[in-house]
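Asker: Provided herewith is a single structure, encoded as structure tokens, for subsequent inquiry.
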């Protein structure tokens, strides 16, 4: 049976790659939902894994294993491409919500994915600001 799709940001995907406080929840969601992600989320995951390695939160072996898992995840997801409308929407979202640039781009990509109709669409994130903004935009949050 095909899983329903949800839009995932990197904060929900990194715990699938390396053990973190949200890993159990992320695995539950991964078993429930297919992954739709912004095209640059792959870079955000690499950045997060590298940061965890540099700060000593994971060792070199775990870093390499996390990168391997990330490549597998990326291979199987549906990517929302780079469009001019995403950049324009992200700029508008920054004026309405307290978001960082990458989070505004994530939310704009999610809105692009659902063609501006977030009602009934699931967005998965462990980032509080992005979660709040996505909820206000009309996404279902888990």
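The values are calculated or read from the model by the stated rules, or taken from the named source; none is laboratory data. Quick caveat, the model's predicted, so the values are computed rather than measured. Cβ coordinates were reconstructed from backbone atoms using ideal geometry, including for glycine residues, and neighbour counts include every protein chain displayed.
Asker: Scan region 101-142 for residues that are touching a helix residue (DSSP H, G or I) at 6+ places or on another chain (Cβ under 8 Å), more than 14 Å from residue 41 (Cβ to Cβ) and in a loop (DSSP other than H, G, I, E, B) and jot them down.
Answerer: 118, 121, 139, 142, listed by residue number.
Asker: Check residue 108 against each of (1) in contact (Cβ under 8 Å) with a residue 12 or more places away in the chain; (2) out of contact with any strand residue (DSSP E or B) (no Cβ under 7 Å at 6 or more places or on another chain); (3) within 15 Å of residue 122 (Cα to Cα); (4) loosely packed, with under 13 Cβ neighbours inside 10 Å and name the one condition it does not meet.
Answerer: Of (1) in contact (Cβ under 8 Å) with a residue 12 or more places away in the chain; (2) out of contact with any strand residue (DSSP E or B) (no Cβ under 7 Å at 6 or more places or on another chain); (3) within 15 Å of residue 122 (Cα to Cα); (4) loosely packed, with under 13 Cβ neighbours inside 10 Å, only one is false for residue 108: (4).
Asker: State the number of residues belonging to region 74-100 that are closer than 28 Å to residue 20 by Cα and either in contact with a helix residue (DSSP H, G or I) (Cβ under 8 Å, 6 or more places away or on another chain) or in contact (Cβ under 8 Å) with a residue 40 or more places away in the chain (or both).
Answerer: Initially, region 74-100 is screened for residues closer than 28 Å to residue 20 by Cα, giving 74-80, 97-100.
Subset that is either in contact with a helix residue (DSSP H, G or I) (Cβ under 8 Å, 6 or more places away or on another chain) or in contact (Cβ under 8 Å) with a residue 40 or more places away in the chain (or both): 74, 76-80, 97-100.
Residues in region 74-100 being closer than 28 Å to residue 20 by Cα and either in contact with a helix residue (DSSP H, G or I) (Cβ under 8 Å, 6 or more places away or on another chain) or in contact (Cβ under 8 Å) with a residue 40 or more places away in the chain (or both): 10 in total.
Asker: While we're here: Out of the residues in region 74-105 that are touching a strand residue (DSSP E or B) at 6+ places or on another chain (Cβ under 8 Å) and buried (at least 20 other Cβ atoms within 10 Å of the Cβ), which is farthest from residue 14 (Cα to Cα)?
Answerer: Ranking the qualifying residues of region 74-105, first place goes to 86.
Asker: Does any residue in region 34-63 that is more than 15 Å from residue 19 (Cα to Cα) come within less than 6 Å, Cβ to Cβ, of a residue that is modelled with pLDDT of 95 or more and part of a helix (DSSP H, G or I) six or more places away or on a different chain, and which pairs are these?
Answerer: Pairs that qualify, where the first residue is more than 15 Å from residue 19 (Cα to Cα) and the partner is modelled with pLDDT of 95 or more and part of a helix (DSSP H, G or I), are 36/113; 38/106; 38/109; 41/10; 42/74; 44/10.
Asker: Let me ask something else about it. Those residues that are loosely packed, with under 15 Cβ neighbours inside 10 Å and more than 16 Å from residue 9 (Cα to Cα), I need them from region 62-71; list them, please. Before the answer, list the steps.
Answerer: Of the residues in region 62-71, the ones loosely packed, with under 15 Cβ neighbours inside 10 Å are 64, 68, 71.
Of everything in region 62-71, those that are loosely packed, with under 15 Cβ neighbours inside 10 Å and more than 16 Å from residue 9 (Cα to Cα) turn out to be 64, 68.
Asker: Residue 82: part of a loop (DSSP other than H, G, I, E, B), farther than 24 Å from residue 3 by Cα and modelled with pLDDT under 95, yes or no? Show your work before the answer.
Answerer: Values: part of a loop (DSSP other than H, G, I, E, B): yes; farther than 24 Å from residue 3 by Cα: yes; modelled with pLDDT under 95: yes.
The answer is yes for residue 82.
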